[in-house]
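I'd like to ask you about the structure that follows.
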Amino acid sequence: MTDKIEHIGKRDVAWSYASAIFMVGAGLILLPFILHTMQAETVYLWNIFQGITALVLLLDFGFRPSFARNVSYIFSGVKHLQVEGVERIDDLAAEVDYSLLKSSLRAMKRFYGWMALVVLIVLATAGTAYFLYILSRYSGDKQNALWAWGLLILINCYNLYTFYYDALLTGKGYIKRSQQITILGQTIYILVAIGLLYAGGGLVSIVAAQLLSTLVRRVLAFRVFFTKELKQKLREAKDTDSQQSPQEVLRAISPNAIKIGLTGLGGFLVQKSALLLGGVYIPLATMASYGITLQVMDILVRCSEVFYQSYTPKLAQCRAEGNLKQLKHYYKLSIGSLVLIFVMGGIGWIFLGDWALNLIQSDTHFVSTSMLIALLVINLLEHNHSVSAGFIMADNKIPFFIPSLLSGAATLLLLWLLLGPMQMGMWALVIAPGLAQLAYQNWKWPSVVIRELKNV
């Protein structure tokens, strides 16, 4: 193990693409089994579980990317974490401050311990009340659904409690190993889920498989990061040597982490609120089409952002070193790969999506072609500005949290108007978030990055 951020090269990107392709393959492998063995209403419950999981991760409130970014700063040689901006490194060969790393680790454990407790309380009360309401309109096996809900609560609490493991791997630059762990975890998930589905496990099958996969991934992530050498250096590091205690680390990270969290909340309201609110106005079987469309959209998005996600530690390093020329290079490649993969994948989906579902005799289908095209355009614009925002965030600056919240609030208002008084049905789920983002965020953050890097 080296003291600095691991070198991120072609193999790391190749493994990231392999992981993304495998995630797509995994989704495509598992999806037919889910659609073949579950009725449309149960598929929608599965989509709700996905939405609830995304909502729970918002309780991270932006600390995971903030921790990852600051871990990258520490392994780049930074000695002091700042509320805004990055301490510039004069000596590129500066040693890692293991006392600061030790303080940061303690801050992470403390934060996520409290967050896991909050998750337990929220899901056991408000979450259960919401799920019971949806279940009152459900005609399937309600007992199986309740067992699945209980397991989902367990997964989310454990996942959030150990969420900082992902931040550690990303911050240190262990991209290849992280992707290998993801592939192994997904393999376990697929095999166990398929076996349990055909054993008649229903919705519980998927959630139980997710629990086992999560446990395996967390154990492996811990072993990769906490090598014998690192453990020894952390033991030798004295708390008094660090310029910042765990409390001071949290105080330095919190302002921007909270801004990221508010940004994430706004993003959730834009991207996922339609899935959760739609079930109140639209029949569950109809909502299943929208839900399964979003599931495949998430797969396409994940593939299109592989390059950007692979190089996030390097973006932080470029900011710390003031290397805007290299940053511009990463930006061009990130946006280029995003657009290329999104367009190619979207075209394939439009022409082959329904054919594939008919082939497996699925009870659930995608939304109409016109609605799918609209969703593809909206999501491409959404993630184009999301990647641009990530390049701004690499400089430890979060100017977009208020616009994100306003976009989320606008989405909720538009959903209410279009679903309720105007009764637009499924089209409301597409139009509301699209208009909210087009008004400002879709064009604002790409223009900020382009202006900064234009003359570099």
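Laboratory data are not the source of any read-out in this text; all were calculated from the coordinates shown. Bear in mind the structure is a predicted one, so any value in this text is a computation, not a measurement. Using ideal geometry, Cβ is built from the backbone for each residue, glycine included, and neighbour counts are taken over all protein chains shown.
May I ask you to list the lysines whose Cα is less than 17 Å away from that of LYS102, ignoring any residue fewer than eight positions away on the same chain?
LYS4, LYS79, LYS172, LYS228, LYS231, LYS233, LYS238
Quick check: residue separation of VAL118 and ASP298 times 0.36 nm, minus the Cα distance between them. What number comes out in nm?
The span from VAL118 to ASP298 would gain 62.1 nm if fully extended.
Ranked highest first by the average count of other Cβ atoms within 10 Å around their residues, in what order do 63-71, 135-143 fall?
The peptides rank, most packed first, as 63-71, 135-143.
Next question, about the same structure. Where the eigenvalues come from the Cα gyration tensor of the chain, what are the semi-axes √(5λ) of the equivalent ellipsoid, largest first, in whole Å?
36, 25, 21
Could you rank the peptides 438-447, 229-238 by their average count of other C-beta atoms within 10 Å per residue, with the highest value first?
The packing order, highest mean first, is 438-447, 229-238.
Also, quick follow-up: Quick one: length gained pulling ASP354 to THR369 fully straight, 0.36 nm per residue minus the C-alpha distance?
4.5 nm is the gain from fully extending ASP354 to THR369.
Okay, next question. In nm, give the distance between the simple-model label positions of TYR198 and PHE222, each being 7 Å from the Cα along the Cα-to-Cβ direction.
So the label points at TYR198 and PHE222 sit 3.4 nm apart.
Also, I was wondering about something else. Identify all lysines with a Cα-Cα distance to LYS444 below 26 Å; exclude those on the same chain that are fewer than 8 residues away in sequence.
Partners within reach: LYS259, LYS272, LYS314, LYS325, LYS328, LYS332, LYS397, LYS454.
Binning every alpha carbon pair distance of the range 278-396 at 5 Å from zero, what are the percents per bin?
Histogram of Cα-Cα distances, whole percents per bin: 2, 11, 19, 18, 14, 11, 9, 7, 5, 3, 1, 0.
Moving on. Could you give me the percent of Cα pairs per 10 Å distance bin for the range 330-409, shortest bin first, beginning at zero and ending with the bin that holds the maximum distance?
Reading upward from the zero bin: 15, 35, 28, 17, 5.
Let me ask something additional. On average, how much area does the Cα convex hull of the range 185-341 cover when viewed from any direction, in nm²?
On the way: hull surface 58.2 nm².
Average projection, Cα convex hull of the range 185-341: 14.5 nm².
What does the extension gain come out to for SER139 and GLN326, with contour length at 0.36 nm per residue minus their alpha carbon separation?
61.7 nm
Now for a different question. Given the convex hull of the Cα atoms of the range 123-234, what is a quarter of its surface area in nm²? The partial results should precede the final answer.
Working: hull surface 34.3 nm².
Result: 8.6 nm².
Okay, next question. Which order do the peptides 144-155, 43-54 come out in when sorted by mean C-beta neighbours inside 10 angstrom, highest first?
Result, highest mean first: 43-54, 144-155.
Per residue, what volume in Å³ does the convex hull of the Cα atoms of the range 92-140 enclose?
125
For the range 284-428, what does the relative contact order come out to in percent, with C-alpha contacts under 8 Å and a separation of six or more? All intermediate terms of the calculation are to be shown ahead of the outcome.
Details: 86 pairs, mean separation 43.7, N = 145.
Value for the range 284-428: 30 percent.
While we're on this one: What is the spin-label model distance, in nm, from ARG251 to LEU154 if the labels are put 7 Å beyond Cα along the C-beta direction?
4.1
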